[in-house]
1. If a residue has to be touching a Lys or Arg at 6+ places or on another chain (Cβ under 7 Å) and of a type outside the set (A, V, I, L, M, F, W, C) to count, how many in region 93-109 make the cut?
2. Within region 1-112, considering only helices (runs of 4 or more DSSP H) that don't extend past its boundaries, which have at least 1 residues that are of a type in the set (A, V, I, L, M), at pLDDT 90 or above and surrounded by 19 or more Cβ atoms within 10 Å (Cβ to Cβ)?
3. Could you please tell me which pairs satisfy a Cβ distance under 6 Å, a separation of 6+ or placement on different chains, a first residue in region 84-107 that is farther than 15 Å from PHE36 by Cβ, and a second residue that is at pLDDT 90 or above and assigned to a loop (DSSP other than H, G, I, E, B)?
Amino acid sequence: MAPRKILFCEDFSKNSEIARKWALEYARAFDAALVFVHVVGTWPPRSPKSKDEEEYNGCPTSREPVNVDLEELVAEFRRDLVKVTACTKVGSPADEILRVAQEEGVDLIVMGTHGWTGIRYKLLGSVAEDVLRRSKISVLVVRSSH
């Protein structure tokens, strides 16, 4: 089944850059809408009952620099695609990605992965794995080339 709406998870890393190319190609091939999401992660992870999303650990967050970068990417993608939108969320990356996927009614999630193993994985976890395990829709995980 061809996706009509694709969610791309942008974290501005090299891995994300590689996965971004896949998201663009899939959106082109299937004439699908593309939704970018960037999640400003919180540490330690917040519970769903936390304070206002603009503040965590007593520190206000600023989405403005991220939004500017995200809008530049969206503008670039609009040269090739008509249906491109973006949003920035604050919270647990996997939780927010899954929430946006449900709210937007996407058919496919595309995201990069660091491909970490061993102690780095145990300490940092894997957003991609968490999304893959919990998602009710298809997830395309693009591994970086290194």
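1. Total meeting the criteria: 4.
2. It comes to 14-30, 93-104.
3. Pairs that qualify, where the first residue is farther than 15 Å from PHE36 by Cβ and the partner is at pLDDT 90 or above and assigned to a loop (DSSP other than H, G, I, E, B), are ASP107/PRO3; ASP107/ARG4.
The values are calculated or read from the model by the stated rules, or taken from the named source; none is laboratory data. No experiment lies behind these values; they were computed from the predicted model shown. Every residue, glycine as well, gets a Cβ built from its backbone with ideal geometry; the counts of neighbours run over all protein chains shown.
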